[in-house]
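Colleague: A single structure is presented below for examination.
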Amino acid sequence: MASISSLPPAGAEIRLEKISIEFGGLPVVSDIDLTVGAGEFVCLLGPSGCGKSTLMNLVAGFVPAAAGLATIGGNPIDGPGRDRGVVFQSTEALFPWLTVQENVEYGPSMRGVGRAERAEAARHYIDLVGLSHAASRFPAELSGGMRQRAQIARVLINEPSVVLMDEPFGALDAQTREVMQAELDRIWQATRPTILFITHDIWEAILLADRVVTMTAGPGARLKTIAPIALPHPRELASPEALEIYRELREGIAEEVRRTLQAQGLDRGIAA
Ligand SMILES: Nc1ncnc2c1ncn2[C@@H]1O[C@H](COP(=O)(O)OP(=O)(O)OP(=O)(O)O)[C@@H](O)[C@H]1O
Ligand SMILES: [Mg+2]
């Protein structure tokens, strides 16, 4: 496929130094130090409400830091930019008045890419996410999973050097999810953007990530562990190594989930 962007597809480094984020003067995340290397795939796990989406929104340029320094490719983040593509937790990010094809073409058309060239690129990415049969449909005519796949195509067509994905497969059925995970793994290996990926699914993180980062319960959540996953791709989750990594991650996250529930007074009946 011809590249439609003059940007190099290789990823850019994300660097967070002593980052704290507050809402209404209350700390959400505190003192976060994390570097995601150029072309690296990092998964972020943690209890609901700990601040994962907030941290990603900071990298996206949607929320400011209360303290610390955040850079992309060495440049301080001071707002959203074309170098970053965001796949949101919600599937409502598509324009409802545009078809799948038009939604995917939107980014290139904004950049002034010619009609034929952007149509061809859109067909490529729509095919990549398995939506060729639905290219002329509007978002309201798609299932939640199909909408999410359209959203992914709409981001990838811009060939961003950083892809931020907030539970992108959370709404998909198990089979579609498996296909999409394998596709993302393949696309990432081929084009090597830097990927920061939020998930609640520990197996998904082990399947995809170079490193898995866990967060503590909030408020004022911090990073808890950073675990490298040194398994070859495509990965075999049934291996003893994968199972051992799963057990460790699960234990650490369960502890933080218990902490969250205790703080909310919802811990009755939950085994320690
Ligand atoms: N715009 C906002 N204004 C005020 N508070 C917010 C805002 N966005 C998020 N919060 C609060 O910040 C905290 C972290 O929210 P966030 O959405 O980042 O959590 P999360 O880890 O992504 O949770 P989940 O796993 O459920 O998606 C929550 O207490 C939330 O209520
Ligand atoms: Mg979230």
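Colleague: Take segment 149-272, compute every pairwise Cα distance, and split them into 10 Å bins from 0; I just need the percent in each bin.
Modeller: 11, 38, 33, 15, 2
Colleague: Then there's this: List the GluC sites (Glu not before Pro) within segment 8-97 that DSSP assigns to loop and that have no more than 15 neighbouring Cβ atoms inside 10 Å.
Modeller: Counting only loop positions with at most 15 other Cβ atoms within 10 Å, the GluC sites (Glu not before Pro) in segment 8-97 are GLU92.
Colleague: At 4 °C and 1.567 mPa s, grab the translational diffusion coefficient of the chain from Stokes-Einstein with a Kirkwood Rh over Cα pairs, rounded to a whole number in µm² per second.
Modeller: So the translational diffusion coefficient is about 67 µm²/s.
Colleague: Another question, if that's okay. Using the 10 angstrom Cβ neighbour count as an exposure proxy, how do MET110, MET146 rank, fewest first?
Modeller: MET110, MET146
Colleague: With a 10 Å Cβ neighbour count serving as the proxy for reagent exposure, in which order, fewest first, do SER90, SER30, SER136, SER20 appear?
Modeller: SER136, SER90, SER20, SER30
Colleague: Kindly provide the helix-only [θ] at 222 nm of the chain, computed as the sum of -39,500 (n - 2.57) over DSSP H runs of four or more divided by all residues, to the nearest 500 deg cm²/dmol?
Modeller: Using -39500 (n - 2.57) per qualifying helix, the result is -11500 deg cm²/dmol.
Colleague: Further question on the same structure: Ranking LEU207, LEU44, LEU237 by Cβ neighbours within 10 Å, fewest first, what do you get?
Modeller: Ascending Cβ contact count within 10 Å gives the list LEU237, LEU207, LEU44.
Colleague: Still on this model: The chain: longest stretch without exposed chymotrypsin sites (Phe, Trp or Tyr not before Pro) (DSSP loop, at most 16 other Cβ within 10 Å), sites themselves excluded?
Modeller: The reported range is 98-272.
Colleague: Could you work out how far helix 100-110 tilts from the main Cα principal axis of the chain, as a 0 to 90 degree angle to the nearest 10?
Modeller: Computed tilt is about 90 degrees.
Colleague: Continuing with the same structure: Mind checking segment 200-272 for GluC sites (Glu not before Pro) that DSSP puts in a loop (not H, G, I, E or B) and that have at most 13 other Cβ atoms within 10 Å?
Modeller: Taking segment 200-272 and a limit of 13 other Cβ atoms within 10 Å, the loop GluC sites (Glu not before Pro) found are GLU236.
Colleague: Hey, another quick one. For helix 174-191, report the angle its Cα long axis makes with the longest principal axis of the Cα atoms of the chain; keep it between 0 and 90° and round to the nearest 10°.
Modeller: The angle comes out near 70 degrees.
No value in this document is a laboratory result; all are computed from the given coordinates. It should be emphasised that the depicted structure is a prediction, and the values quoted were computed from it without experimental measurement. Note that each Cβ is placed from the backbone with ideal geometry, even for glycine, and that neighbours are counted across all protein chains shown.
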